[in-house]
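The values are calculated or read from the model by the stated rules, or taken from the named source; none is laboratory data. Everything numeric here is computed off the predicted structure, so don't read it as measured data. In this analysis, Cβ positions are derived from the backbone assuming ideal geometry, glycine residues included, and neighbour counts consider all displayed protein chains.
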Amino acid sequence: MPARSIKSPPTIKTPVVIDHSSPEIDRLRLVGMTRGYVGGQEVFGEGERANNVYSVISGAVRSFRVLADGRRQILDFYLPGDMFGVEIGPDHGAGAESVDDVVLLVARRLLVADDGDGAMTRRLLRLAKDDLRRSHDHVLTLGRRTACERVASFLNDLAARLERPRSLDLPMGRQDIADYLGLTIETVSRTFTRFQTIGLIQMHGRRTVELSRPNALSALCA
C-alpha cells in the first residue's frame, strides 16, 4: 500500500518529541516532505534500496526481520524525534513498518547528505554506526538476561527515550514487546503481572504503565 500524504498528524497517545537542535532533522525539513502511514503499513522492505532517510514526527515505527521459520524478530522501535533508514551500505538490512498511525519526515538520502563540505555525510554515517551498535547491545541483552531483566530494561529504556520517567503510554502491544525481547507474549504478560503484584509498576488499561518504583526496576537491569 503506498504512503498517503496528509495535512496534519493523526491523534495518538505517544508524545511528539523532536530534537529541534539536531542538524540532521533540520536538514530533513529543508529537503523532505511529510508522509502519513496507517498502523501496520510498510515504510520499506528488507533488501530494498536505502534511497530515503526518515524521522518520526508522531507515532512509532518498528524495524524487523522475518526468520526462515516465519517468526518475526523486532530489532528496534523508532519514536518521535528518532531518525532511521540510514544504512552503511546501499540496501536496507531490515524492513520497517508503522506500529500505529505515524507521521514521518521523508527525504532523499543524497539530498540530505549534499551539504557542500561533507559534514552531513559524516553525521549520517555516525548515525548508522550508532544504530548498528544499538543492535549489537540488543543482541547481548537477549543472550545474557532473564525475562524479568529484559522487560525491566525495556521499560527503563522506553521511559528514558520518551522522557517520561514515571508514566508511559506504550505505543506498542504485548506481541511487539515479545518479538523485540525474544520472549513469548505469555511470558511478557506474566512478567507485567508479576511487576504489578510486587509493586514495581501499576497498569492503567493495556497500554499505560506507571513506574511505581523506578529505582527498584533499574536494579533488575544491573
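List of remarks:
- The set of residues from the stretch 193-214 being in a strand (DSSP E or B) and not polar (S, T, N, Q) comprises ILE201, MET203, HIS204, VAL209, GLU210, LEU211.
- Residues located in the stretch 123-149, provided they are more than 22 Å from ALA94 (Cα to Cα) and either part of a helix (DSSP H, G or I) or modelled with pLDDT under 75 (or both): ARG144, ALA147, CYS148, GLU149
- In the stretch 165-177, the residues that are closer than 15 Å to ASP76 by Cβ and part of a helix (DSSP H, G or I): ASP176, ILE177
- Scanning the stretch 150-167 for residues that are farther than 17 Å from ARG194 by Cβ and either of a type in the set (Phe, Trp, Tyr) or surrounded by fewer than 18 Cβ atoms within 10 Å (Cβ to Cβ) (or both), we see that the one that is modelled with the lowest pLDDT is PRO165.
- Residue check for LEU181: surrounded by 15 or more Cβ atoms within 10 Å (Cβ to Cβ) and not β-branched (Val, Ile, Thr): yes
- Options PRO15, PRO9; residue that is crowded, with 16+ Cβ neighbours inside 10 Å, under 20 Å from PRO171 (Cα atoms) and at pLDDT below 85: PRO9
- Flag for LEU170 being under 15 Å from the mean Cα position of the chain (by Cα) and closer than 20 Å to SER58 by Cβ: yes
- Residue in the stretch 57-75 that is farther than 15 Å from VAL43 by Cα, crowded, with 22+ Cβ neighbours inside 10 Å and not hydrophobic (A, V, I, L, M, F, W, C) present: no
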